[in-house]
Amino acid sequence: MTYIIEMTKPILSNFFVQLFLVILIAYFSVVIIRIAVQRFFAKTDFLSERREKTLESMIVSIAQYAASIGIIIFALSHFVEIGKLLAGAGVIGIIVGFGAQSLIKDILSGVTLLYEKQLHKGDFITVNNEYSGTVEEIGLRLLKIRQWSGKLLTIRNGEVSEILNFNMHKMRVIEKVAISFQENPAKVMNVLEGACNELNAKHTNFLLKTPTGEIIEKFQVYGMTSVNATFRGYEYTVIGLVEDKIYFTAAKNVRLTIAQHLYNEGIQMAEENVRLLSRTMNTKETAYEKS
């Protein structure tokens, strides 16, 4: 055993070998932490599944950053004494502070997003009223969103100023329908109420319910919401409170059912009319005047 130790000393004393071992240890440490966190949340149920996935993503991100910083410090220790480096940390801190403002902002913003529960992994969100998609990863510095097209959007946490979350326990389906001025409003109301009755009968599973199973808000005609919708016709609105996870499916079924009922009853939708006015010129008079 002593002989083996003596033989390996020259190899282990090599800086590149040591660096390789440190990288290897850091890599497996992150893997072990990820597996440990997954198994821990698999055996517990005091948090919701979305909350668990969010915490798991953040913990793994922190572990990855810690491992990377550890590797960098070890590599620097070969060229600079850590004691002297720490002694000058005050000056270095000021210098680095100015260059790392955006990094610190991103990290603090990431912690804020997690602490205030503004979003969770798997939520469908719109960021800054510009980008929409499903939250795929919430990191310490970056937020990754999978767009509907399949593209992965990566945005710094510090750049997130506004979030519209479609997965906060409940969503209200709001469908507006513009009907021609030529249609009888009373008839249109009856047709839309019939569509709502069908929705409540066939798609009650979409509706949000209390813990006792009572429906909170059925599909219903909210009423006529405009008597002159963009100068095209009367506007009616149908609403219904549904579960956030099935909001888009519920909205598609509501639109299809409404469209089918309006078609069956021959209700005319509002159309945009463009009137072109022209003035006929008397060419003889014009020619005479020119002469």
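The values are calculated or read from the model by the stated rules, or taken from the named source; none is laboratory data. Worth saying up front: this structure is predicted, and the values here are computed from it rather than measured. A quick note on method: Cβ atoms are made from the backbone with ideal geometry, for glycine too, and the neighbour counts reach across all protein chains shown. Ligands, DNA and RNA are excluded from the accessible area calculation, which covers all protein heavy atoms including side chains. Shrake-Rupley method; radii C 1.70, N 1.55, O 1.52, S 1.80 Å.
With respect to the conditions (1) of a type in the set (Gly, Ala, Ser); (2) more than 14 Å from residue 254 (Cβ to Cβ); (3) part of a helix (DSSP H, G or I), residue 194 lacks only one, and its number is (2).
The set of residues in segment 206-238 that are under 16 Å from residue 192 (Cα atoms), open to solvent by 20 Å² or more (accessible area, probe 1.4 Å) and of a type outside the set (Gly, Ala, Ser) comprises 218, 220, 221, 222, 224, 225, 234, 235.
Just name the residue that is least open to solvent (accessible area, probe 1.4 Å) out of those in segment 148-171 that are without any contact (Cβ under 8 Å) to a residue 40 or more places away in the chain and in contact with a Leu (Cβ under 6 Å, 6 or more places away or on another chain). Within segment 148-171, the match that is least open to solvent (accessible area, probe 1.4 Å) is 155. Checked against (1) modelled with pLDDT under 90; (2) not in a loop (DSSP other than H, G, I, E, B), residue 148 passes all but a single condition, namely (2). Taken together, the criteria place residue 47 among residues that are at pLDDT below 75 and either surrounded by 12 or more Cβ atoms within 10 Å (Cβ to Cβ) or not in a helix (DSSP H, G or I) (or both). Within segment 200-220, the set of residues being β-branched (Val, Ile, Thr) and touching a Lys or Arg at 6+ places or on another chain (Cβ under 7 Å) comprises 215, 216. Give the residues of segment 120-134 that are in contact (Cβ under 8 Å) with a residue 40 or more places away in the chain and buried (at least 20 other Cβ atoms within 10 Å of the Cβ), sorted by residue number. Within segment 120-134, 120, 121, 123, 124, 125 meet the criteria.
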